[in-house]
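To start, the structure under review is shown below, and the notes come after it.
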Amino acid sequence: MSNLFPLPPIFEPVSESERLAVLDSYDVLDSAPESGFDDVVMLARQICETPIALVSLVASDRQWFKAVSGLSVCETPLDQSVCAHALRQTETLIIPDLTKDERTRDNPLVTGDPFIRFYAGALLTSPSGIPIGTVCVIDTEPRPEGLTADQQFALEALGRQVMTMLELRRSVLESEMTASQQRSEVSRSAARAIESERLAAKLRINEERLRMAQEAGRVGSFEIDVSTDRIAVTEQFCLIFGLPMTMSMPAADIEKLVHPDDLNLVSSRDSRQKGNASLYSEYRIRRPDNGEIVWVARRAQFIRDALGATTRLLGTIQDITERKGIEQRQKVLNDELSHRLKNTLAMVQAIARQTLRNASDREAVRSFESRVNALSHAHDILLRQSWSAADMQELMTGVLALLGDRQRFVMSGPRVALGPRAALSFSLLMHELATNALKYGALSVQTGTVDLTWAIEGGTLTFTWVERGGPAVAAPIKTGLGSRLIDMGFLGTGKTSKSYNPLGLEVEITAPLASVEDPS
């Protein structure tokens, strides 16, 4: 298989053939799923609060996932591997925004579905110091702050845990081979006993690392046997739920602790058997030890047999009470800020109306007020997202609803989160295009429609506005503020092209995706 993006040698001075020989020694590629590795990705995803986590092994022409959570594939070509870049590091690789890093900005998984934006990978390094893969977490949103110190520590601890499991796996294979070769030797029982003790010691170390990772991330894990409906839990799980330390219990005992208003958010015996329970939920519980109400986030995944029937539900639990409190306080502040901003914009409109009451051009006054309304709508959306981003389609829908019949607009395109500056600029752009269509274009007659489409390719956002069914159009003799706002496009970056097709106006605006998504 040829690579679209040739990669330099992964590990020096060790040759690539030597590195691949170390990977082959574990005999793990294309092996069946194992619960220990599945637990690792569930923990990594929960601790780092990302939608995707992988145990990724980098082979000669592909990266293969021993465990995966949040993706539907088990491998990708090497030219799509971010983990291959991590193998050139001596420590955990963190890329806050993949579209801004020259190593990854052209990666097909960045420029196309699933549009990954953030990566953090802790190295899987053999005892001889040779990297074979990573435990990595991936987000579809950029994360300028990267990981917290606790999250990075936990991710690296999970990486060490994976290597312990791989070493155990190799030791078992070697032990079985050795036992086969030594069946005729009287001493084989003693040798197996020594090997068993060595494996048991490694398992104890492995369990201790898992416990430390859970404590660092304040995450508990659980496993439900669907046939018996009993739940096995960890120590951290019991601490979060305020339960005495226990290994297992009926799952119904846990469900009794859920707040009555949130019962629809948790899995039930029926939904677990059918395999249709929600895999992520946030809900409240009442701790039996002190009566406190606690918010928890639960991530899970089903394990199925060869016939597709669910056999186990694996998952993690994290106490998010503090986060919920912060979100509630932020909401109160946002509501207050929104109220004050609305008052300010209303005052601006009132001052302008009073100042311009004798102006002869009433149309200019109405245009000014309408533009302020468009800005006000964009502010509302940004405030709901703590002034970090506004969904492009939601912004379009709201601004266009102020001016015309929503049914006459046809929209299609991927989700794009506009940064604050781009959101305000784009709201004015939509306002001007719709206003022109109402006055002179497709929306000036009952039969006219507007198609709005947008796409992302090669790190560039392209937006098109196409009017049809209206009167024949021609280029204007003179241009005003509205035309200049349209020509500016997104923040004055990229380019804008207009075609005065007799069938209707056509506008295409392009801009670098990174600039329109910039949260600053």
For the range 433-445, which residues satisfy the criterion of being under 14 Å from T397 (Cα atoms) and either surrounded by fewer than 22 Cβ atoms within 10 Å (Cβ to Cβ) or in contact (Cβ under 8 Å) with a residue 60 or more places away in the chain (or both)?
-> L433
Cβ pairs under 7 Å, 6+ apart, first in the range 38-66 and within 14 Å of S81 (Cβ to Cβ) and in contact (Cβ under 8 Å) with a residue 40 or more places away in the chain, second of a type in the set (F, W, Y) and outside any strand (DSSP E or B) | V55/F37
Is there any pair with a first residue in the range 494-514 that is within 20 Å of D451 (Cβ to Cβ) and a second that is of a type in the set (F, W, Y) whose Cβ atoms are under 6 Å apart and which are 6 or more apart or on different chains, and what are they?
-> V507/W465; I509/F463; A511/F490
Considering the range 317-331 alone, what residues qualify as being polar (S, T, N, Q) and surrounded by fewer than 11 Cβ atoms within 10 Å (Cβ to Cβ)?
-> Q328
For T246, indicate whether it is in a loop (DSSP other than H, G, I, E, B), over 31 Å from the mean Cα position of the chain (by Cα) and more than 30 Å from F153 (Cα to Cα).
-> no
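Condition check ((1) closer than 19 Å to E223 by Cα; (2) part of a loop (DSSP other than H, G, I, E, B); (3) touching an Asp or Glu at 6+ places or on another chain (Cβ under 8 Å); (4) among the acidic types (D, E)) across all residues:
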{"site": "R19", "(1), (2), (3), (4)": "no, no, no, no"}
{"site": "D24", "(1), (2), (3), (4)": "no, no, no, yes"}
{"site": "D27", "(1), (2), (3), (4)": "no, yes, no, yes"}
{"site": "G36", "(1), (2), (3), (4)": "yes, no, no, no"}
{"site": "L43", "(1), (2), (3), (4)": "yes, no, no, no"}
{"site": "L54", "(1), (2), (3), (4)": "no, no, no, no"}
Yes or no: S35 within 20 Å of R160 (Cα to Cα) and surrounded by fewer than 22 Cβ atoms within 10 Å (Cβ to Cβ)?
-> yes
Matching residues in the range 16-33 (acidic (D, E), in contact (Cβ under 8 Å) with a residue 60 or more places away in the chain and more than 22 Å from Q89 (Cβ to Cβ)) number 1
Residue set L124, L155, L147, L173; condition part of a helix (DSSP H, G or I) and either in contact with a Pro (Cβ under 6 Å, 6 or more places away or on another chain) or buried (at least 17 other Cβ atoms within 10 Å of the Cβ) (or both); output residue L155
Pairs where the first residue, in the range 71-96, is assigned by TED's automatic domain parsing to the domain that holds D61 and within 17 Å of A157 (Cα to Cα) and the second is assigned to a loop (DSSP other than H, G, I, E, B) and of a type in the set (D, E, K, R), C-beta under 9 Å, 6+ apart = I94/R143
List, please: which pairs have Cβ atoms under 7 Å, are six or more places apart or on different chains, and start with a residue in the range 227-241 that is in contact (Cβ under 8 Å) with a residue 60 or more places away in the chain and end with one that is basic (K, R)?
-> F241/R287
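The values are calculated or read from the model by the stated rules, or taken from the named source; none is laboratory data. What you see is a predicted model, and the numbers here were worked out from it, not measured in a lab. Quick reminder, even Gly has a Cβ in these numbers, built from the backbone with ideal geometry, and neighbours come from all protein chains shown.
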